[in-house]
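Engineer: One structure coming up, written as structure tokens, with questions to follow.
The values are calculated or read from the model by the stated rules, or taken from the named source; none is laboratory data. Note that the coordinates shown come from a computational prediction; the quantities given were computed from them, not determined experimentally. Quick reminder, even Gly has a Cβ in these numbers, built from the backbone with ideal geometry, and neighbours come from all protein chains shown.
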Amino acid sequence: MKILLVGAGLSGAVIGRDLAEAGHDITIVDSRPHIGGNCYTERDPETGVLVHVYGPHIFHTDDEEVWDYVNRYQTFRPYKNRVKTTSQGAVYSLPVNLHTINQFYGKTLRPAEAREFLEEQADSSIADPQTFEEQALRFVGPDLYAAFFKGYTEKQWGCSPTELPASILKRLPVRFNYDDNYFFHRFQGMPETGYTEMIAAILDHPAIEVRLDTRFSAEQGAGYDHVFYSGPLDGYFDYRLGRLGYRTLDFERFTDQGDYQGCAVMNYGDRDVPYTRITEHKHFAPWESHEGTVCYREYSRAAGPDDIPYYPIRLVAEKALLADYVALAEETAGVTFVGRLGTYRYLDMDVTIREALDAAAAFRASAAAGDAMPAFVKSPL
């Protein structure tokens, strides 16, 4: 079959490679001048530092099949994400751990003592937290909430934590030991020469044609047996029902000599600091050595029509509009919506790859059975 994939990021590359190996003729289009989507990495010509152009991407997963998959196309070097935060005039480790608690309160608590102490700080009257703020107050109390979560969250999401669901904070762990590795997953690492080279290797197949600087319109799908679309769900329908809400990021790039901040990621929890964090990119490849350094100050704001959409907002109004677009998509034959933008969900890279592999497998099964491929392999709702 002739298959069109819209987007040359992880979703398009993984689905395209799978179906090319299954004997299909694959065309991938992308509006940008490069492959890789937001995972795109490139060498900074001034310093030689490998830069994560659209912000840092750190690979972590418990899915052994996905880990084996990415290592087939790139050597992954061990990497632990150790985040620091500057708050109220001091530097602390994130996620909140035993060191953070002891440093913040000037104590020397052991794990059991710290649990008991935080329970005393917490608002036990909140039996069933519904909002981000209630979740924080219930589990860490007002002091740690104010220092590490409130200001950062207001900057990141552009609204009060009272408007955000408790589920957002449930992803942020509190540890009662000195483990400052941000992630729990078994497999964690960074591609030795960057995500761009990894995705280029995935796309390196004679049955795959990639067309960059190419905008997609729904009419183009008529020349193909099926379309996999990883662009914005509402964009496929020309925003006819309205625009789904996103947050976008602005990066203020600057260079320096030596080591600017001593870590890859420094968050800024205070509300009066306009940026959410500073990332120093050479620390994402600690096996390399560079005299110069490249840093990004990161600012979050509401995405406009011409901005790159990063984080789906998914509050009540957005979920209602999303349901309308999902209904519209399910009435549209010949196209399957995939990836972060196509399903309007925040997805880590490993989940994106897992769902892409599952989508390709579902397509092969549907084709073999003569069945129609659904609009979504994983429902956005």
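Engineer: Return the residues of the range 108-133 that are surrounded by 14 or more Cβ atoms within 10 Å (Cβ to Cβ), among the charged types (D, E, K, R) and more than 19 Å from Y268 (Cα to Cα); say none if nothing qualifies.
Structural biologist: Hits for the range 108-133 are E113, R115, D123.
Engineer: Based on this model, can you work out whether F148 counts as within 30 Å of E318 (Cβ to Cβ) and among the aromatic types (F, W, Y)? Explain how you work it out, then say what you get.
Structural biologist: Working: within 30 Å of E318 (Cβ to Cβ): yes; among the aromatic types (F, W, Y): yes.
So F148 passes the test.
Engineer: Follow-up. Take the range 324-350 and flag every residue that is surrounded by 17 or more Cβ atoms within 10 Å (Cβ to Cβ), part of a helix (DSSP H, G or I) and of a type outside the set (F, W, Y).
Structural biologist: Those that are surrounded by 17 or more Cβ atoms within 10 Å (Cβ to Cβ), part of a helix (DSSP H, G or I) and of a type outside the set (F, W, Y): V326, A329, G339, R340, L341, G342, M349, D350.
Engineer: Kindly indicate whether V51 is touching a residue at least 60 places away in the same chain (Cβ under 8 Å), within 24 Å of Y229 (Cβ to Cβ) and within 22 Å of the chain's Cα centre (by Cα).
Structural biologist: no
Engineer: I've got another one for you. Would you check if P45 is exposed (fewer than 15 other Cβ atoms within 10 Å of the Cβ), part of a loop (DSSP other than H, G, I, E, B) and without any contact (Cβ under 8 Å) to a residue 12 or more places away in the chain?
Structural biologist: Values: exposed (fewer than 15 other Cβ atoms within 10 Å of the Cβ): yes; part of a loop (DSSP other than H, G, I, E, B): yes; without any contact (Cβ under 8 Å) to a residue 12 or more places away in the chain: yes.
Yes; evaluated as a whole, the condition is true for this residue.
Engineer: Does Y239 qualify as being of a type in the set (S, T, Y), in the same structural domain as H52 (by TED's automatic domain parsing), closer than 28 Å to T27 by Cβ and without any contact (Cβ under 8 Å) to a residue 12 or more places away in the chain? Quick ask: steps written out before the conclusion?
Structural biologist: Values: of a type in the set (S, T, Y): yes; in the same structural domain as H52 (by TED's automatic domain parsing): yes; closer than 28 Å to T27 by Cβ: yes; without any contact (Cβ under 8 Å) to a residue 12 or more places away in the chain: yes.
Here the answer is yes, as Y239 does meet what is asked.
Engineer: Moving to a separate point now. Just name the residue that is farthest from A285 (Cα to Cα) out of those in the range 217-272 that are assigned to a strand (DSSP E or B) and among the hydrophobic types (A, V, I, L, M, F, W, C).
Structural biologist: The qualifying residue farthest from A285 (Cα to Cα) is V227.
Residues are listed down the side, and each one gets a yes or a no for (1) under 13 Å from the mean Cα position of the chain (by Cα); (2) of a type in the set (G, A, S); (3) closer than 30 Å to Q257 by Cα:
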site	(1), (2), (3)
T293	no, no, yes
A303	no, yes, no
R314	no, no, no
L321	no, no, no
T332	no, no, no
G342	no, yes, no
L347	yes, no, no
T352	yes, no, no
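Engineer: Residues that are modelled with pLDDT of 95 or more and within 24 Å of the chain's Cα centre (by Cα): does the range 116-128 have at least one?
Structural biologist: no
Engineer: Kindly establish whether G12 is surrounded by 21 or more Cβ atoms within 10 Å (Cβ to Cβ), in contact with a Leu (Cβ under 7 Å, 6 or more places away or on another chain) and not β-branched (V, I, T).
Structural biologist: yes
Engineer: Looking only at residues that are among the aromatic types (F, W, Y) and not in a helix (DSSP H, G or I) in the range 78-107, which one is surrounded by the fewest Cβ atoms within 10 Å (Cβ to Cβ)?
Structural biologist: Among them, the one singled out is Y79.
Engineer: Working carefully through the options R301, R354, find the one that is surrounded by 15 or more Cβ atoms within 10 Å (Cβ to Cβ), under 30 Å from S217 (Cβ atoms) and among the basic types (K, R). Reasoning before the result, please.
Structural biologist: Working: R301 fails: surrounded by 15 or more Cβ atoms within 10 Å (Cβ to Cβ).
None of the other options fit; the residue is R354.
Engineer: Sticking with this structure for a sec: Those residues that are of a type in the set (S, T, Y) and either within 20 Å of the chain's Cα centre (by Cα) or under 30 Å from S289 (Cα atoms) (or both), I need them from the range 8-30; list them, please.
Structural biologist: S11
Engineer: Give the residues of the range 276-314 that are free of Cβ contacts under 8 Å to residues at least 60 places away in the same chain, of a type in the set (A, V, I, L, M, F, W, C) and in a loop (DSSP other than H, G, I, E, B), sorted by residue number.
Structural biologist: Across the range 276-314, the qualifying residue is only A303.
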